[in-house]
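I have placed the structure first, in the form of structure tokens, so that the comments after it can refer back to it.
The values are calculated or read from the model by the stated rules, or taken from the named source; none is laboratory data. Bear in mind the structure is a predicted one, so any value in this text is a computation, not a measurement. We place every Cβ from the backbone using ideal geometry, glycine too, and count neighbours over all the protein chains shown. All accessible areas refer to the heavy atoms of the entire protein, side chains included, with ligands and DNA or RNA removed. Shrake-Rupley method; radii C 1.70, N 1.55, O 1.52, S 1.80 Å.
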Amino acid sequence: MHYGLGIDAGGTYTDAVIVRGSDGAIVDAKKSFTTYPDIQQGIQNVLDSLDQQYLKDVNLVSVSTTLSTNALLENTGRPVGLILVGEQPIDKEYPAESVVFVSGGHDTNGEEEYPLDIEAVINYVETSRSWVSAYAISAYFGTRNSEHELAVKSIIHSITDLPVVCGHELSQELGVYERAVTATLNAQLIPITYQFVNAVVSDIKRRGINARMLMLRCDGSVYNIEDALEKPIETIFSGPAASILGASYLAKTDTCAVIDVGGTSTDVSAIKNGIPEISPEGCMVGGWKTRVKAMKMETSALGGDSHVWVKDKNVYIGPRRVIPLCVAATLYPDFIYRLKRNKMVLRKDTNENYQQTKFLVRTGYEAIGLREKEKELLKLIGHEPVSVTEITDMTDAREIMLIDKTLDSLINKRLVQSIGFTPTDVLHVLGEYEQWNKEAAEIGAIYLSKYANMGKYEFCRHAKDIFAINMAHDLVSFLIPAIPKSAIDEVLTGDYPVRFKADIPVVLLGGPVSAYQEDLKSIIDADVQVPQFATVGNAVGALVGKSVKKVEIMIKPASLVNPDSDFLVFSSEGRERFERYSDAVDYATKIGHSLVLNYEKRCGIIKEDTIINVSKQTTSPDNWPHPPIETRITVVGVGDPMMAIRGTYNSNNGSS
């Protein structure tokens with residue numbers, strides 16, 4: 001019997017599922033805390049909790065993670081040296097630690113415009129190799145001719161063994177600035193992704209599991225996990241991609257909207273006729289425009305572990321993630337005692353950090369480059385929770401504002417983890433979720449409800465309503481982007497005799513999402529579903545993704561003076577030249593097939609099980625009697641790794 005293993009490493013939990021290859025049934029599913037900074041421990045914990053009899057027969061492993069996304073959003077990527085070749089925008093910002101401009105580059109036909117300044121490249125690498133973690137290279141019209149990018153890459157490799165990323169390796173689209181940004185972000189993620197991939201691979205191998213290993217991309221397709229080490233940028237937003245695939249699989253529908261409630265955020269997306277909607281332009285991540293194609297989605301910074309806090313009698317949720325009180329009481333045996341004895345906070349002093357329910361604990365990250373005040377405050381925070389009131393008692397109470405800013409800095413640097421009241425605690429108080437310590441949640445509710453001038457249950461119902469309305473808002477905003485957000489809010493207040501209606505099912509994924517099913521139905525007229533195994537939907541999605549490879553190749557005449565002969569072919573493999581147009585088309589189709597089949601082979605799919613479609617688009621003026629001015633050959637290959645483990649062929653077939 002053959003089985004597939006899906007793993008999703010999220011910001012709060014690492015989930016794992018085992019799916020039987022013969023019928024696609026889920027035979028086991030488990031959750032474990034994601035561990036920082038040692039990701040491997042969390043992976044080991046969740047795999048240890050699975051049925052080992054099933055696990056030993058796994059021959060396909062596929063993973064997804066928010067690690068890449070979080071690193072870019074939190075600006076914790078590694079330092080990169082960016083080498084820009086040829087004519088480049090000098091008035092724009094780049095996400096690199098250092099940028100150098102060197103002479104070189106090509107024209108639109110891929111002909112060398114200026115010679116590459118080799119000496120400038122050597123000097124820059126010699127002076128920067130001691131403090132950067134990787135290099136990124138982007139050359140002017142590098143997609144039309146990659147010679148200069150590859151030459152720079154070769155020079156770097158002759159000096160250092162640091163990772164090197166070329167812009168043409170990631171995108172064949174024009175857009176010199178966006179391609180440089182994409183290459184730089186990709187280079188930032190290589191060391192981080194290596195740590196994650198190595199953690200997964202080493203744990204699987206340690207268990208003696210001989211399995212094909214894949215990783216989910218942000219467009220919902222999968223690729224060989226070794227390729228993820230070269231192009232980790234394609235794993236950004238793989239978490240939301242996993243959620244939509246998992247929801248479709250679990251709900252047994254190929255058309256639906258999905259609301260995925262994680263610990264840190266809530267993501268909304270949709271799938272139609274089995275195909276997720278992809279953003280036609282590259283996605284934005286951390287404020288940077290990239291050339292990476294990702295699924296369309298709507299994200300808000302409200303999750304099950306978002307901080308619930310009160311100021312001026314108003315209840316707020318988020319945007320920061322904290323450890324829920326109910327979880328902290330389980331992790332730290334003395335926490336209940338500390339929570340019960342915690343001092344009150346004056347109403348006038350309350351803010352997101354300064355709450356009676358707010359505690360802090362050290363993480364395992366190394367403290368580097370701290371200011372003096374940060375060092376002083378960090379000394380007061382140990383590996384057991386300490387409340388913000390205790391911290392102010394140990395410092396100058398008149399410096400609350402300064403303490404607040406310093407705490408923000410320590411939290412942003414991931415040196416300190418907050419503990420506080422959350423929507424997860426709310427559900428424990430209301431009796432709608434019972435996984436953790438209810439007493440801690442109730443103490444927190446009693447504390448905060450007083451600041452809101454409410455009773456304990458009234459306060460929790462109000463917080464839950466805020467969360468449910470936010471889910472509804474994100475859903476409507478995604479499905480009907482033309483409606484202003486303020487107008488959506490007006491309708492959702494319930495003050496008008498109208499409601500939004502969704503004509504497609506709405507599938508909920510995430511922890512205790514079933515607690516919000518009826519709330520959402522009361523706000524929006526929709527078929528709201530919570531399928532079995534909804535709590536591990538992302539791990540399911542990681543496993544059921546298809547191996548999809550799309551190759552686009554362009555053909556154009558070298559000159560319009562003689563458009564009937566001499567044709568240029570541009571692909572990721574480089575530039576080729578043909579005398580006849582028909583030969584150029586034949587070559588483009590052939591190289592497209594070859595690239596697709598090689599990709600599928602690395603995903604464990606043999607040629608006979610790969611579905612290939614070829615399309616051709618041409619552009620020419622009216623009544624043009626010559627071969628097209630521009631021809632685009634698109635070759636798309638699709639394989640199903642799960643089908644491959646159902647006994648159709650040996651799992652080692654086509655291994656790389």
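Residues of region 26-51 being among the aliphatic types (A, V, I, L, M) and either open to solvent by less than 30 Å² (accessible area, probe 1.4 Å) or closer than 20 Å to Gly263 by Cβ (or both), which ones? Before the answer, list the steps.
To start, the set of residues in region 26-51 that are among the aliphatic types (A, V, I, L, M) comprises 26-27, 29, 39, 43, 46-47, 50.
Once the filter is applied, which keeps residues that are among the aliphatic types (A, V, I, L, M) and either open to solvent by less than 30 Å² (accessible area, probe 1.4 Å) or closer than 20 Å to Gly263 by Cβ (or both), region 26-51 yields Ala29, Ile39, Ile43, Val46, Leu47, Leu50.
Within region 220-232, can you find the residues that are open to solvent by less than 40 Å² (accessible area, probe 1.4 Å), assigned to a helix (DSSP H, G or I) and in contact (Cβ under 8 Å) with a residue 60 or more places away in the chain?
Start the filter on region 220-232 by keeping residues that are open to solvent by less than 40 Å² (accessible area, probe 1.4 Å), which leaves 220-225, 227-228, 232.
Retained after the next criterion (residues that are assigned to a helix (DSSP H, G or I)): 225, 227-228, 232.
Within region 220-232, Ile225, Asp227, Pro232 meet the criteria.
Looking at region 172-219, which of its residues are modelled with pLDDT under 85, open to solvent by 10 Å² or more (accessible area, probe 1.4 Å) and of a type in the set (Gly, Ala, Ser)?
If the condition is that a residue be modelled with pLDDT under 85, open to solvent by 10 Å² or more (accessible area, probe 1.4 Å) and of a type in the set (Gly, Ala, Ser), then Gly175 is the only one that fits.
Output the helices (runs of 4 or more DSSP H) that fall wholly within region 441-531 and possess 2 or more residues being of a type in the set (Val, Ile, Thr), or say none.
On the way: elements: 456-479, 485-492, 517-523.
Helices (runs of 4 or more DSSP H) meeting the threshold: 456-479, 485-492.
Here's the yes/no breakdown for (1) touching a Cys at 6+ places or on another chain (Cβ under 7 Å); (2) hydroxyl-bearing (Ser, Thr, Tyr):
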{"residue": "Thr424", "(1), (2)": "yes, yes"}
{"residue": "Glu434", "(1), (2)": "no, no"}
{"residue": "Ile443", "(1), (2)": "no, no"}
{"residue": "Ala452", "(1), (2)": "no, no"}
{"residue": "His462", "(1), (2)": "no, no"}
{"residue": "Met471", "(1), (2)": "no, no"}
{"residue": "Ser477", "(1), (2)": "no, yes"}
{"residue": "Ala482", "(1), (2)": "no, no"}
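Out of the residues in region 90-104 that are in contact (Cβ under 8 Å) with a residue 24 or more places away in the chain and of a type in the set (D, E, K, R), which is surrounded by the most Cβ atoms within 10 Å (Cβ to Cβ)?
Glu97
State all residues of region 140-172 that are under 22 Å from the mean Cα position of the chain (by Cα) and charged (D, E, K, R); if no residue qualifies, say none.
Glu169
Does Lys348 fit the bill of being open to solvent by 10 Å² or more (accessible area, probe 1.4 Å), closer than 20 Å to Tyr451 by Cβ and either more than 20 Å from the chain's Cα centre (by Cα) or not polar (S, T, N, Q) (or both)?
Values: open to solvent by 10 Å² or more (accessible area, probe 1.4 Å): yes; closer than 20 Å to Tyr451 by Cβ: yes; either more than 20 Å from the chain's Cα centre (by Cα) or not polar (S, T, N, Q) (or both): yes.
In short, yes.
Test Val268 against the stated conditions and say whether it is modelled with pLDDT of 90 or more, open to solvent by less than 10 Å² (accessible area, probe 1.4 Å) and β-branched (Val, Ile, Thr).
Details: modelled with pLDDT of 90 or more: no; open to solvent by less than 10 Å² (accessible area, probe 1.4 Å): yes; β-branched (Val, Ile, Thr): yes.
Criteria not met by Val268.
Looking only at residues in region 271-285 that are touching a strand residue (DSSP E or B) at 6+ places or on another chain (Cβ under 7 Å) and within 16 Å of Val544 (Cα to Cα), which one is modelled with the lowest pLDDT? Please lay out each step first, then the result.
So the first thing to find is which residues in region 271-285 are touching a strand residue (DSSP E or B) at 6+ places or on another chain (Cβ under 7 Å), and the list is 271, 276-278, 282.
Then keep just the ones that are within 16 Å of Val544 (Cα to Cα); that gives 271, 276.
Numbers: Ile271: 88, Pro276: 79.
Of everything passing the filter in region 271-285, Pro276 is modelled with the lowest pLDDT.
Out of Phe500, Phe478, Phe567, I need the residue that is under 28 Å from the mean Cα position of the chain (by Cα) and surrounded by 14 or more Cβ atoms within 10 Å (Cβ to Cβ). Which one? Lay out the reasoning, then the answer.
On the way: Phe500 fails: under 28 Å from the mean Cα position of the chain (by Cα); Phe567 fails: under 28 Å from the mean Cα position of the chain (by Cα).
Of Phe500, Phe478, Phe567, the one residue that is under 28 Å from the mean Cα position of the chain (by Cα) and surrounded by 14 or more Cβ atoms within 10 Å (Cβ to Cβ) is Phe478.
Among the strands (runs of 3 or more DSSP E) confined wholly to region 1-88, which include 3 or more residues that are modelled with pLDDT under 90, out of contact with any helix residue (DSSP H, G or I) (no Cβ under 6 Å at 6 or more places or on another chain) and within 27 Å of Pro512 (Cα to Cα)? If you could, list the steps in order and put the result at the bottom.
On the way: elements: 3-9, 13-20, 26-33, 58-65, 80-85.
Answer list for region 1-88: none.
Which one is farthest from Pro276 (Cα to Cα) among residues in region 544-553 that are open to solvent by 10 Å² or more (accessible area, probe 1.4 Å) and not β-branched (Val, Ile, Thr)?
Filtering first and then ranking leaves Glu552.
Condition test on Lys348, is it without any contact (Cβ under 8 Å) to a residue 24 or more places away in the chain, more than 20 Å from Tyr36 (Cα to Cα) and not hydrophobic (A, V, I, L, M, F, W, C)? Even if it seems obvious, please write down each step before you answer.
Numbers: without any contact (Cβ under 8 Å) to a residue 24 or more places away in the chain: yes; more than 20 Å from Tyr36 (Cα to Cα): yes; not hydrophobic (A, V, I, L, M, F, W, C): yes.
In short, yes.
Can you give me the number of residues within region 125-144 that are surrounded by fewer than 23 Cβ atoms within 10 Å (Cβ to Cβ), hydroxyl-bearing (Ser, Thr, Tyr) and in contact (Cβ under 8 Å) with a residue 12 or more places away in the chain?
Residues in region 125-144 being surrounded by fewer than 23 Cβ atoms within 10 Å (Cβ to Cβ), hydroxyl-bearing (Ser, Thr, Tyr) and in contact (Cβ under 8 Å) with a residue 12 or more places away in the chain: 3 in total.
For region 105-124, name all the residues that are without any contact (Cβ under 8 Å) to a residue 60 or more places away in the chain and either open to solvent by 40 Å² or more (accessible area, probe 1.4 Å) or in contact with a Leu (Cβ under 7 Å, 6 or more places away or on another chain) (or both).
Going through region 105-124, the residues without any contact (Cβ under 8 Å) to a residue 60 or more places away in the chain turn out to be 105-108, 111-124.
Within region 105-124, Asp107, Thr108, Glu111, Glu112, Glu113, Tyr114, Pro115, Asp117, Ile118, Glu119, Ile122, Asn123 meet the criteria.
Those residues that are surrounded by fewer than 17 Cβ atoms within 10 Å (Cβ to Cβ), on the phi < 0 side of the Ramachandran plot and not charged (D, E, K, R), I need them from region 431-461; list them, please.
Within region 431-461, Gln435, Ile446, Gly455, Tyr457 qualify.
What number of residues in region 587-609 are free of Cβ contacts under 8 Å to residues at least 60 places away in the same chain and open to solvent by less than 20 Å² (accessible area, probe 1.4 Å)? Show your work before the answer.
Kept after step one, since they are free of Cβ contacts under 8 Å to residues at least 60 places away in the same chain, are these residues of region 587-609: 587-598, 600-601, 605-609.
Right, trim to open to solvent by less than 20 Å² (accessible area, probe 1.4 Å) and you get 588, 592, 596, 600, 605.
Residues meeting the conditions: 5.
Any residue in region 259-276 that is in contact (Cβ under 8 Å) with a residue 60 or more places away in the chain sitting within a Cβ distance under 6 Å of a residue that is of a type in the set (S, T, N, Q) and buried (at least 24 other Cβ atoms within 10 Å of the Cβ)? List the pairs, counting only those 6 or more apart or interchain.
Here the result reads Asp260/Ser243, each pair linking region 259-276 to a residue that is of a type in the set (S, T, N, Q) and buried (at least 24 other Cβ atoms within 10 Å of the Cβ).
If you go through region 146-164 one residue at a time, do you hit one that is touching a residue at least 24 places away in the same chain (Cβ under 8 Å), open to solvent by 30 Å² or more (accessible area, probe 1.4 Å) and of a type in the set (Val, Ile, Thr)?
yes
If you go through region 164-201 one residue at a time, how many are of a type in the set (S, T, N, Q) and farther than 17 Å from Pro37 by Cα?
Initially, region 164-201 is screened for residues of a type in the set (S, T, N, Q), giving 171-172, 182, 184, 186, 188, 193, 195, 198.
Filter again for farther than 17 Å from Pro37 by Cα, leaving 171-172, 182, 184, 186, 188.
Residues that pass the stated criteria total 6.
Restricting attention to region 113-135, does a residue exist that is at pLDDT 90 or above and assigned to a strand (DSSP E or B)?
For region 113-135, residues at pLDDT 90 or above and assigned to a strand (DSSP E or B): present.
Kindly state which helices (runs of 4 or more DSSP H) lie completely within region 301-418 and contain at least 1 residues that are over 27 Å from Gln435 (Cα atoms) and of a type in the set (Val, Ile, Thr).
Fully inside region 301-418 and qualifying: 388-393, 400-412.
Rundown of residues vs (1) out of contact with any strand residue (DSSP E or B) (no Cβ under 6 Å at 6 or more places or on another chain); (2) acidic (Asp, Glu), yes/no style:
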{"site": "Tyr194", "(1), (2)": "yes, no"}
{"site": "Val197", "(1), (2)": "yes, no"}
{"site": "Asp203", "(1), (2)": "yes, yes"}
{"site": "Arg207", "(1), (2)": "yes, no"}
{"site": "Met215", "(1), (2)": "no, no"}
{"site": "Asp254", "(1), (2)": "yes, yes"}
